[in-house]
């Protein structure tokens, strides 16, 4: 298997040379701009790694990897509109830099381009790959809708939270690994196992993101600290704290967390004091470890190159111990 750093370099080269068109500029420039707001490119990396762990050639998975990343960027672009987020990785969001109508249309075009790339896989697995990609696309939309629905609720359970992030976040990582494995020729049982690994890793990643939003350093995380708290977003930290508190303490916490008129700094401070009281950081870290180990149990059942699987495991562990 090619090393993770090598695959990351391959992807950066691909995306740096990717341009969608010239006219109309208002359609294509935002699409190009969105790709410059690059994060970790985890999803396309998972496609390539999934392919190579099963003995495939990463080059055969490049189009699918690009398609997955274009789809992810489409969801981010539209999420920023729905969340009224003004920044994306410390730079103006597309709907701020241009306008909402431009952002919607450019996002739609990104989705079409994603579909085009996905159809470039080998014809022998095209139906399987597209069925999984379209199923995942709908699930991501379902997860986003649940996330928005939860904003209107005073509180949610840990089970409801886990169901939402499984759809909104985890299934796309699982899909990425599985598509890579299918391109490499993995059988149905192995594809299911790598999917389960990816899903559990995705849940762990999202809990880590929730934790970093509240406790990460602003200049490293790249967004306003405590943003989820200020907006009353229903995170793992919120649901777990609700689970631990009883009676008046429970009601007071829920009321505080859902208060959107309070001074942002004061609200963040008070909520984090309650988080600290119930030791939610410790509980979050235990949950991250639980989901990682549950996923790794599936990875161990696969007949993979030992060194390749170990490198990928260590890479995921490093991500789960990151501070941004």
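No value in this document is a laboratory result; all are computed from the given coordinates. Here the structure is a predicted model, which is why all the values come from computation and not from measurement. Cβ placement follows ideal geometry from the backbone for every residue including glycine, while neighbour counts extend to all protein chains displayed.
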Stick to Cα atoms and the Kirkwood definition of Rh, then tell me Rg/Rh for segment 171-324. 1.08
Normalised by the number of residues in segment 4-320, what is the relative contact order in percent for Cα pairs under 8 Å and 6+ residues apart? 19 percent
Taking 0.36 nm per residue of separation between residue 290 and residue 90 and subtracting their Cα-Cα distance, the length gained on full extension comes to 68.8 nm
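State the three equivalent ellipsoid semi-axes of segment 1-50, derived from the C-alpha gyration tensor as the square roots of 5 times its eigenvalues, in descending order and whole Å.
Listed largest to smallest, the semi-axes of segment 1-50 are 26, 10, 8 Å.
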Euclidean distance of C-alpha centroids, segment 255-324 and segment 66-130, integer Å: 26 Å
Per its Cα gyration tensor (rounded if a/c is under 1.5, else prolate when a/b beats b/c, else oblate), segment 179-250 is best filed as oblate
By average Cβ neighbour count within 10 Å, what is the ranking of 272-278, 174-180, 199-205 from highest down? 174-180, 199-205, 272-278
Whole-number percent relative contact order across segment 185-323, with pairs defined as alpha carbons under 8 Å at least 6 apart: 39 percent
Taking the beta-carbon count within 10 Å as an exposure proxy, list 270, 91, 127, 193 from fewest neighbours to most. 127, 91, 270, 193
Show that you can apply the helix-only estimate: for the chain, add -39,500 (n - 2.57) for every DSSP H stretch of four or more residues, divide by all residues, and state [θ] at 222 nm to the nearest 500. -23500 deg cm²/dmol
When the Cα centres of segment 154-194 and segment 1-62 are compared, how far apart do they sit, in Å? 20 Å
Descending Cα extents along the principal axes, segment 1-101, whole Å: 45, 29, 17
